[in-house]
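Report on the structure given below.
The values are calculated or read from the model by the stated rules, or taken from the named source; none is laboratory data. If you're wondering where the values come from, they're calculated on a predicted model, not measured in any experiment. Note: ideal-geometry Cβ built from the backbone for every residue, glycine included; neighbour counts use all protein chains shown. For the accessible areas, the whole protein counts, side chains as well, though only heavy atoms, and no ligand, DNA or RNA atoms are used. Shrake-Rupley method; radii C 1.70, N 1.55, O 1.52, S 1.80 Å.
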Amino acid sequence: MDALISPYGGTLVELIAPPERAAELKQEALGLESVDLSWKQICELELLLNGALSPLTGYMNKTEMESVLSGLKLPDGRFWPRAVMLVLPARVAEKLSAGQSVALRDGEGFMPAILRISEVWPAAPEAEVAMAVSAGAPLARPLAQPGEYYVAGRLDGVALPPRHDFLALRLTPAEMREQFARLGWRRVMAYQAGQPLHRPQHEFLQRAAMREEANLLIHAVAGADPVMESGHFALVRACQALLPRLPAATSMLALNPMTPWAAGPRKTLLKAIMARNYGCSHLVIGGETPLEGRQRRGSDIPSLDRDSAFAIARESLGVSLVPFPRLVYVEDRDEWVNEAEVPEGARAQSMSGPELNRRLMRGLKVPEWFSYPEVVAELRAAYPPRERQGFTVFFTGLSGSGKSTVARALTVRLMEMGGRRVSLLDGDIVRRHLSSELGFSKAHRDINIRRIGFVASEITKHGGTAICAPIAPYRVTRRDVRAMIEPWGGFIEVHIATSVEVCEQRDRKGLYAKARAGLIPEFTGVSDPYEVPENPELVIDTARFSVDEAVQMIILKLEHEGYLR
């Protein structure tokens, strides 16, 4: 290859206006309606603005979307695998119309762009899925949900969304291309790492780059919200730790502002377009440490014929896809090899994602045949052993079941044991200090539980212990609270399963009697359902066990899970 690969479509389409025009757009925005975008939407907007999705100039209209879904091409005939849409809830989209301009803003009010709306229409997920199936490349997930709308239009960019971390590594496609040109790189192989790299990835990438006579770009997927995503900094720091083991003259690390997408053929081929726009002629696909326990095959293309997909990338996109094979460690040779090439009788080993996590959580050794000490050190800093992690014990049960009594006793016992800061978030206490303005409707109870979950997640994030004791009657809300907390530490759900008859007998405040008399509407267990937890870590009936016995059961569970020593 005599020159760096050109952008897809021939020209890098950057949508950020020059300074004078940007100033005019900011002034214009003062009189425009604003639309707030989610973090993921902001990341996709950044890819449009910086040229990574060239030659697109904005969000697709209905004709373009249908052409991409049903034929994998834009209306002008150019290959394009994945629809790039702005999806908005009905309450927002119904106020918008063709010909209108709106300011697109992030959660802090920053405005990266103005959207010149050309079309607004309701999503039809079933029809869209059917179109994609007809093209032989089903969607990994629907583009939108029923009731949502699409808004199409051209973008006038003002500035890239603000980033505050690893700024030297956040290069736009134009900046990356300038860097490659300065270094004299022509053939570049990209690996869009979504997980920390270990020895199998290191060995394969070095061999593949040498085989292809290409330079290597570790293009880490770093669009996640660094405040909310626990693994963001661990990923980047682990990649930085590994970089010195790669040849300095032919390797580079940079950050890609995309967020993880659901796997599928369309995603893979769009990633190839983005790699080309960044100046890369080759793209490694697959190769991450899998959750299911085995190395993923060399392609994440489940439906589109593999050979056809590779041919599309090569012929339509000009990018060579490099499959990461299933690798195993052969002890006799002290190297990772393709599973199909393991010598007869040789001992082969591998390590799954859950096993790696178990070793990190338990403070156990990670063997050097799998990873390097400096990478493991970064992961241990980000994911300390459970005995040094924060955790939440989340009680749920009917009013009068004994939640608050057991929660308070557990709090006292943990404080007596020492070594941890413990915060009690009892339902009545939270109602008084955080949710005094809320009533007891289903909506208000949900808000109250989510507030408790948020506070508990912050306590857990910083290594503390949160003891929560609300009624929390709804499964969906409890699952959402678990999802808030588990990225940062432990979550132990304790169902206090005391029967409603026993709870009513204990009722000192007469709440059940008032509810049965119709004086208290939507009372859990009487006029409103309590949804029994599906898979709690513990189930305790306080009619069978004393408070101290219940506390001891929880302590033993925490010890078993590794949170107490």
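The table that follows gives values for the structure above.
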read-out	value
Phi-based couplings in Hz for region 514-520 (Karplus 6.51, -1.76, 1.60; Gly and Pro marked x)	5, 5, 5, 8, x, 7, 10
Reach of residue 267 by Cα under 16 Å, taken over lysines that are not fewer than 8 positions away in the same chain	40, 73
Between region 347-362 and region 19-82, the alpha-carbon center distance in angstrom	41
Segment residue 76-residue 557, extension gain: residue separation times 0.36 nm, minus the distance between their alpha carbons	167.0 nm
Degrees separating the helix 39-49 axis from the principal Cα axis of the chain, which is the longest one	10
Solvent-accessible surface (1.4 angstrom probe) belonging to residue 312, in square angstrom, nearest 10	40
Computed accessible area, residue 40, all protein chains, 1.4 angstrom probe, square angstrom	100
17 Å cut-off, amide nitrogen to a point 7 angstrom out along residue 428 Cα→Cβ, residues in region 444-473	468-472
Rounded accessible area of residue 245 (nearest 10 Å², 1.4 Å probe)	100
Derived scalar couplings ³J(HN,Hα) [region 113-126; Karplus, 6.51 cos²θ - 1.76 cosθ + 1.60; whole Hz; x for Gly, Pro]	7, 10, 9, 8, 6, 10, 6, 9, 8, x, 5, 10, x, 5
Within straight-line cross-link reach of residue 509, lysines at Cα separation under 25 Å, skipping those fewer than 8 residues along the same chain	403, 442
Interchain or long-range residues, amide H under 5 Å from residue 335's placed H	330
Region 314-374, Rg to Rh (Cα coordinates; Rh as Kirkwood inverse mean 1/r)	1.13
Rounded to 10°, Cα long-axis angle of helix 475-485 versus longest principal axis of the chain	60
Other-chain or far-sequence residues with amide H under 5 Å of residue 216's (modelled H)	189, 251, 252
0 to 90° range, to nearest 10: angle between helix 19-29 axis and the chain longest Cα axis	40
Amide proton proximity set for residue 221, modelled H, under 5 Å, gap of 5+	193, 194, 256
Integer Hz, Karplus 6.51/-1.76/1.60 couplings in order for region 332-345, x for Gly and Pro	4, 9, 6, 7, 8, 10, 4, 3, 6, 10, 5, x, 4, x
Candidate lysines - alpha carbon under 20 Å from residue 95, same-chain residues fewer than 8 apart omitted	62
Stretch gain in nm, segment residue 133-residue 38, where the contour uses 0.36 nm per residue and the Cα spacing is subtracted	31.4 nm
Estimated inter-spin distance, residue 57 and residue 92, nm [label 7 Å along Cα→Cβ]	2.5
Region 90-177 - Rg over Rh from alpha carbon coordinates, Kirkwood radius	1.07
Inter-site label distance for residue 357 and residue 527 at 7 Å from Cα along Cβ, in nm	4.3
Net lengthening on full extension, residue 534/residue 227 (0.36 nm per residue, minus Cα-Cα)	107.5 nm
Candidate values (i) 46, 33, 21; (ii) 56, 31, 25; (iii) 43, 26, 23, label of the one derived for semi-axes √(5λ) of the Cα gyration tensor in Å	(i)
